[in-house]
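Taking it in order: structure first as structure tokens, then the write-up.
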Amino acid sequence: MRTREVYVTGFGLVAPMALDAATLFERICQKQSCVREHPRFKALGFNNSAAGFIDDGQWQQIAAGFGGNATLHPRQSVLAEFVARQALQHAGLTPTAFAHARSGLFLGANKYCADSHDLHRASRCMDETGRVDLDQLLDTPAASRALFGRRVDQQTLHLAETLGIRDHISTHSDACAAGTMAIGSAYRAIERGEIDLAICGAVELMANELPYYMFNSLGALCQADLPASEQSRPFMPDRCGFVISEGAAMVVLESAEHAQRRKATPLGRVLGYANVCEAQKMTSSSRDGSKYEECMEAAIEDAGLLSSAVQHVNTHGTSTQANDSCEALALQRVFGECQEHVTFTANKSAIGHSLAGSGAIEAVLSLISLRDGVLLPTLNYDHDRTEYPSLKFLSEPMRQSINVVMSNSFGFGGVNSSLVLGRA
Amino acid sequence: MTGATVRIAIAGSGCVLPSGWGVQRFWSAASEARSGIAVLQSKVFHSERVAAFGHVSDEDHQTSRQDVAQNLQRYCPPAVIWGVSAVRQALAEAGLEPGNDSLRYGLYCCQGGYTHPSLAAYGELLHECRDESGADMRRLAQRVLQERALDPFLVLKSLSNGLLGIVSLALKLECECNAYMQGVAGNLAALREACAALQSGRVDAAIVVGAGSELDPLALAALAEAGVISTNGSQTLRAFDRQGTGGIAGEGAAALILRRVDDLPDGPQTCLSALFAHPRLGSLNLPDKQVDLLVSSASGDPQKDADLARTLARAGAAHITSSVPVTGILSGAPSLVDLILARNALLAQRVPPIIGLQQPVDPHLPFVLGEGRDAVLRDCLIINRDDNGFSACYQLDYQSTD
């Protein structure tokens, strides 16, 4: 047992086509994809407009619950508040609890890029040589009234102000690993006794055209001639890239003492964590899976467990050739002969890849699996055609009580992270 | 640093700033009251209202490039290259060679906001797809998606953890790591995690590095709309001055190497003894004892600087200075730069002046005007307020050999 146990006592989530965690979990159980054609991408004439995105109807509901004029705040702040409210309510906490405790806020998020509106605005201020007249640009109002609307730390600032959190405030920007690393950092701060209460996770809003252009130019996005819902196919031989997505999830973590003092019901525990840079390549890991293996082993060791104790893995599983290959080989190396006792899932098959958001969303789905004893299927997965038959990916939901789940997130730039979660 | 009994020292530092390449150039500029702020220059845009900027010079950029392997430079915006160079400087001062020693390293990075993709990445395409009403975005989409007109590595240049990835690759660092975004809050988070990793014994040497640039029309427009930078054509940033005309943005990178004091040889040390943060400046925790030196951020806006001065008065200090007129307002490494300034002041027992300050917003505060001055300095407080909201406070203590 650790010096200070870290409990999960609440969570909140918004994903494409799901305004809470239960809805998303149920959708995946029913093998319903959250990926569909993005109307903005269609309007711009994309050949492939598949994406996971928070639609206008969802945004209306999210904004309706905002404690202020949502149009004056960046969208990421509005979304963060919505998800945080869910998490606090789930944990049985009031917002004032954070101001009265040694608390922390750890939020993952990458950059919020300019979009077509910004580019169009700038293009109208170009002279005949293509140089932008900044003075003219300053006289051309931006579409949003929110100041610093593209700054990635604004949701962190908003929640820190709303909840009265001081000192332990961070915006984690570790690419696709940021959500997991935010949760891991919160876990460590509680575990070492610096804080007793944390809200942590990620908010990512990258399902717009500029990230699409950039990832596609690198060849990272799926461009297969398949229905939108079938494009994300992790660990299948015909996988050919990820589907861009977005979303947010947060969990409330508490020291066991803090949770017990207020008689909170634990939903799960954080048992271990590892975060490492691997210095291999900017876009892929060691081909033999050894670097991902080292990360997973470090997290399991941090949990004080052997790999045989891990019963289920929520894989990073992006549906790119390189990442899934590295991860599959790493999983085979980590679990060796124990593989047959472990089940695996790849949530991005249903949600797409919400980048920083993915690790937090997958942590929440893992916690529900631990709590409810239901393991999620991987959509578009065919046992008969799989490239890695020794890894038991589920193609149907499965009812099975488990005690330990590992959730992986690996990011561009060579940042790897694994989180080990346990049943309450 | 709750419960910290393990003292953490700054063992090395490096920087690439508008004042020049290296800590010595920065310290000289600060001591001799030379600002790095100059006329704004860009091939991508022009302006009369935003007339000045704290540029890293082309010469210093070329010097920095020598610290990054050619094959990695295609993934790097300029600020990341400066970051790698700053880290190498800091490691050299600390006498460390990752890979050639047995130390366990940690890497904690912070990037500023609009380092990439800047409008420059799309400038040519936009110009090409433009008609009388602006760019045809469907045509741009076609050029990008079907004709592959975009730099394939743009996504890597745009990574918010690109600095982390490139530093780890350049130094072959396989170690604990974290990447954070944005200014004061990002610097604070990186420093806090680095200290925690050292204190808990997970690492033996922590590399903390920040880098960023706002030299982009959309970025500068956002700063202007928020009132962070002036749009009156001002060429100088006058910190804490009643005649201040507003802020001027700058760019650059800074790095620190942190070590446990007990692991270092005997000698003078500057120790990072406290870290505080708060989203509201007025609620920021401050130590309850007077300090010898206070290094503060500044906005160049007399009203905002007067507000900030009220917090400085609460802190109590014998001397107050600021690095902002040297560099401009930084988005990637503001706190790291101030820590470097503070460390050098403690080591030199000398306080650099606030460049250009003539009529302080609070005449009762001990702002250093005119020339620098020698002083007995045992400790220093650094108070940073970011333009987008966050505030942080750091305390540095000086341990001489006596």
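Data for the structure
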item: Members of region B:1-59 found to be more than 17 Å from B:A86 (Cβ to Cβ) and of a type in the set (K, R), listed by number; result: B:R7, B:R34, B:K43, B:R49
item: Which listed residue is over 24 Å from the mean Cα position of the chain (by Cα) and either among the polar types (S, T, N, Q) or facing chain B (nearest Cβ under 7 Å) (or both), from A:R151, A:R102, A:R166; result: A:R166
item: B:A196 vs. criteria at pLDDT 95 or above and in a helix (DSSP H, G or I); result: yes
item: Condition check for B:P152: outside any helix (DSSP H, G or I), facing chain A (nearest Cβ under 10 Å) and surrounded by fewer than 22 Cβ atoms within 10 Å (Cβ to Cβ); result: yes
item: Sole residue being within 19 Å of A:G413 (Cα to Cα) and touching a residue at least 40 places away in the same chain (Cβ under 8 Å), chosen from B:V44, B:V39, B:V80, B:V56; result: B:V80
item: Selection status of A:T156, surrounded by fewer than 20 Cβ atoms within 10 Å (Cβ to Cβ) and within 9 Å of another protein chain (Cβ to nearest Cβ); result: no
item: B:R139 being surrounded by fewer than 20 Cβ atoms within 10 Å (Cβ to Cβ), part of a helix (DSSP H, G or I), not polar (S, T, N, Q) and not assigned by TED's automatic domain parsing to the domain that holds B:L96; result: yes
item: Qualifying residue in region B:3-11 (condition: within 14 Å of chain A (Cβ to nearest Cβ), in a strand (DSSP E or B) and surrounded by fewer than 22 Cβ atoms within 10 Å (Cβ to Cβ)); result: no
item: Residues of region A:150-206 satisfying the condition of being farther than 23 Å from A:T318 by Cα, assigned to a helix (DSSP H, G or I) and in contact with a Gly (Cβ under 7 Å, 6 or more places away or on another chain); result: A:L157, A:A186, A:A189
item: Selected residue [within 19 Å of A:I183 (Cβ to Cβ) and at pLDDT below 95] from A:A424, A:A363; result: A:A424
item: Residue satisfying condition, being buried (at least 20 other Cβ atoms within 10 Å of the Cβ) and charged (D, E, K, R), within set A:E128, A:E161, A:E191; result: A:E191
item: Residue among A:Q86, A:Q58 that is more than 21 Å from B:A135 (Cα to Cα), in contact (Cβ under 8 Å) with a residue 24 or more places away in the chain and surrounded by 20 or more Cβ atoms within 10 Å (Cβ to Cβ); result: A:Q86
item: Which numbered condition B:A221 misses (of (1) facing another protein chain (nearest Cβ under 7 Å); (2) crowded, with 24+ Cβ neighbours inside 10 Å; (3) assigned to a loop (DSSP other than H, G, I, E, B)); result: (3)
item: Checking A:Y388 against (1) buried (at least 21 other Cβ atoms within 10 Å of the Cβ); (2) assigned to a loop (DSSP other than H, G, I, E, B), the condition it does not meet; result: (1)
item: Of the criteria (1) under 26 Å from the mean Cα position of the chain (by Cα); (2) more than 9 Å from every other protein chain (Cβ to nearest Cβ), which one A:N110 fails; result: (2)
item: Failed item, numbered, when B:V80 is tested on (1) assigned to a helix (DSSP H, G or I); (2) surrounded by fewer than 20 Cβ atoms within 10 Å (Cβ to Cβ); (3) within 12 Å of chain A (Cβ to nearest Cβ); result: (2)
item: Among (1) touching a Gly at 6+ places or on another chain (Cβ under 7 Å); (2) surrounded by fewer than 23 Cβ atoms within 10 Å (Cβ to Cβ), the one test that A:F98 misses; result: (2)
item: The one condition in (1) surrounded by 24 or more Cβ atoms within 10 Å (Cβ to Cβ); (2) more than 7 Å from chain B (Cβ to nearest Cβ) that A:S123 fails to fulfil; result: (2)
item: Leading residue by the ranking (modelled with the lowest pLDDT) among those in region B:262-282 that are over 19 Å from B:L330 (Cα atoms) and in a helix (DSSP H, G or I); result: B:G282
item: Verdict on A:G52 being surrounded by 21 or more Cβ atoms within 10 Å (Cβ to Cβ) and more than 21 Å from A:H168 (Cα to Cα); result: yes
item: Yes/no for A:Q223 being polar (S, T, N, Q) and modelled with pLDDT under 95; result: yes
item: B:L72, sole failed condition from (1) aliphatic (A, V, I, L, M); (2) surrounded by fewer than 22 Cβ atoms within 10 Å (Cβ to Cβ); (3) more than 10 Å from chain A (Cβ to nearest Cβ); (4) closer than 27 Å to A:T171 by Cα; result: (3)
item: Enumeration of residues in region A:247-292 that are assigned to a loop (DSSP other than H, G, I, E, B) and more than 11 Å from every other protein chain (Cβ to nearest Cβ); result: A:R262, A:K263, A:A264, A:T265, A:P266, A:L267, A:S284, A:S285, A:R287, A:D288, A:G289
item: Among (1) assigned to a loop (DSSP other than H, G, I, E, B); (2) at pLDDT 95 or above; (3) over 23 Å from B:Q358 (Cβ atoms), the one test that B:N285 misses; result: (2)
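The values are calculated or read from the model by the stated rules, or taken from the named source; none is laboratory data. Note that the coordinates shown come from a computational prediction; the quantities given were computed from them, not determined experimentally. Note that we place each Cβ from the backbone using ideal geometry, even for glycine, and neighbour counts take in every protein chain shown.
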